[in-house]
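The block underneath contains the structure these notes are about, expressed in structure tokens.
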2 protein chains.
Amino acid sequence: MGTAILSIGVLGSGKGSNCQSLIDAIAEGRLRARIACVISDVPDALILERARRHGIPAYYLDPAPFKTKLEGEAETRVIETLRAHGVQVVALAGYMRIVKTRLLEAFPQRVLNIHPALLPAFPGMDAWKQALAYGVKVAGCTVHIVDAGTDTGPILLQKTVPVREDDTPDRLHARIQEQEHRAYPEAMQLVAEGRIRLDGRRVRIAPAVL
Amino acid sequence: MGTAILSIGVLGSGKGSNCQSLIDAIAEGRLRARIACVISDVPDALILERARRHGIPAYYLDPAPFKTKLEGEAETRVIETLRAHGVQVVALAGYMRIVKTRLLEAFPQRVLNIHPALLPAFPGMDAWKQALAYGVKVAGCTVHIVDAGTDTGPILLQKTVPVREDDTPDRLHARIQEQEHRAYPEAMQLVAEGRIRLDGRRVRIAPAVL
């Protein structure tokens with residue numbers, strides 16, 4: 001098992017740029033892992049197309065009847081699909097649904113998310129807009145373990161982004177996304193190296209083994 | 001008036017290291033201002049001793065009967081003392097009282113504070129302890145305009161401090177204070193240069209005039 005590589009399952013609803021950052025990091029050797037499958041709740045999401053283009057099994061799983069959460073039959077199908085592909089870590093990547101207890105218990109402390117703010121500041125939707133409206137001078141992104149709350153789980157990694165005088169929501173968002181695309185592969189590589197340990201709600205990162 | 005230098009009044013309750021950072025920045029020419037007076041609510045606070053050592057008028061003003069706020073007679077005396085010294089900007093520097101409307105109205109948008117966290121995360125007491133307990137990977141400090149809330153006012157400047165694996169509250173606090181001692185003089189110099197403008201709750205900083 002020592003040389004086995006980490007199997008990641010990705011859940012996404014949109015264009016999948018964070019999924020692409022994982023694919024690229026794997027291709028470039030920065031992330032010792034494989035994307036085992038990609039699952040979307042949106043039938044024509046670009047993330048599915050990206051996955052197929054890279055030969056990654058890609059599934060649209062109908063989330064009905066729920067509009068904002070993953071629960072019931074749909075949740076069962078997602079868990080079964082992830083398990084069928086041997087997924088060890090679930091990466092939420094622009095997944096626009098609240099994940100519930102059953103998925104979290106199926107992958108304990110192994111569902112990760114990336115959020116476009118320096119949590120605990122600005123949880124929830126459109127975090128970069130919240131940050132700009134509040135008037136912070138430093139924004140950023142956070143990779144965290146998903147728990148039952150909204151963007152409240154233990155933090156694995158954060159990267160900062162200075163807010164500029166001429167920033168618009170779109171400009172700031174674009175620069176935050178650049179950092180997301182560095183942060184998610186880096187955080188995943190820490191998981192892949194087995195360096196993550198929970199201490200209360202602090203994530204302890206063991207030194208790299210050379 | 002174009003060559004007049006900014007007159008700062010400092011309110012502090014403790015050792016006054018942020019006050020010292022302003023004194024040092026003035027001495028080194030990084031901050032074009034003068035400390036017009038220092039006022040404390042604690043009779044033997046080191047901040048008063050520091051001020052006297054530098055020839056700055058230093059006052060203990062009895063805050064009685066209030067324990068946690070500046071109000072009533074004491075507030076009147078503070079405002080009068082600041083005005084008597086021609087103070088234009090009030091710098092809270094480890095001031096352990098809630099300042100109320102009357103002081104804020106006497107110096108509109110000209111009461112500043114420095115807080116040991118990246119606001120709006122971790123307002124209130126012992127912010128560095130809160131940050132460490134929450135498990136953030138990036139901490140920092142914030143210079144903001146004081147408003148009626150607790151650490152809620154418009155943000156002038158923020159500096160980040162990475163949280164280390166081996167951080168204790170004291171170690172993290174010490175590194176945050178290093179950044180505070182850079183941030184407060186820099187923010188004050190922006191005020192001294194007249195580069196600060198409020199746009200809703202965003203602080204706009206005009207380009208430097210060469």
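The values are calculated or read from the model by the stated rules, or taken from the named source; none is laboratory data. Please read these numbers as outputs of a predicted model, since none were measured by experiment. Ideal geometry is used to build each Cβ from the backbone, glycine not excepted, and the neighbour counts take in all protein chains shown. To get the accessible areas, we keep the full protein, side chains included, count just its heavy atoms, and leave off ligands, DNA and RNA. Shrake-Rupley method; radii C 1.70, N 1.55, O 1.52, S 1.80 Å.
Put simply, the amide H of residue B:163, placed in the peptide plane, has neighbours under 5 Å in B:138, B:139, leaving out anything fewer than 5 places away on its chain.
Once the chain from residue A:53 to residue A:5 is taken as fully extended at 0.36 nm per residue, the excess over their C-alpha distance is 15.1 nm. Lysine pair count for the protein assembly as shown with Cα-Cα distance under 20 Å and sequence separation of 8 or more or different chains is 20.
Sorting A:160-171, A:32-43 by average packing, meaning the other beta carbons within 10 Å per residue, from highest down gives A:32-43, A:160-171. Each helix, a run of at least 4 DSSP H residues, gives -39500 (n - 2.57); summed and divided by the residues of chain A, these come to -10500 deg cm²/dmol at 222 nm. For residue B:156, nonlocal amide neighbours, meaning residues 5 or more places apart or on other chains whose placed amide H falls under 5 Å from its own, are B:143, B:144, B:145.
Semi-axis lengths, largest first, of the ellipsoid equivalent to chain B are 25, 21, 17 Å, with √(5λ) applied to each eigenvalue of the Cα gyration tensor. Stretching the chain fully between residue A:73 and residue A:133 yields a gain of 17.7 nm (0.36 nm per residue, less the alpha carbon separation). A Förster radius of 25 Å, combined with the Cβ-Cβ distance separating residue A:34 from residue A:204, puts the computed FRET efficiency at roughly 0.45.
Accessible area buried by the pairing of B and A, both sides summed with a 1.4 Å probe, works out to roughly 2200 Å².
For residue B:187, the shell of other residues with beta-carbons less than 13 Å away shows a net charge of +3, using +1 for Lys and Arg and -1 for Asp and Glu. Label points for residue B:168 are taken 7 Å from Cα along Cα→Cβ. From this copy to the others they lie 5.1 nm apart, shortest first.
For the protein assembly as shown, the equivalent ellipsoid built from the Cα gyration tensor has semi-axes of 49, 20, 19 Å, listed from largest to smallest. Computed from the Cβ-Cβ distance with R0 of 35 Å, the FRET efficiency linking residue A:165 to residue A:27 stands at 0.40.
Principal axis extents of the C-alpha atoms in region A:119-163 (largest first, rounded to whole Å): 28, 18, 11. Legend: mean number of C-beta atoms from other chains within 10 angstrom of residue C-beta atoms, peptide A:155-168, equals 3.
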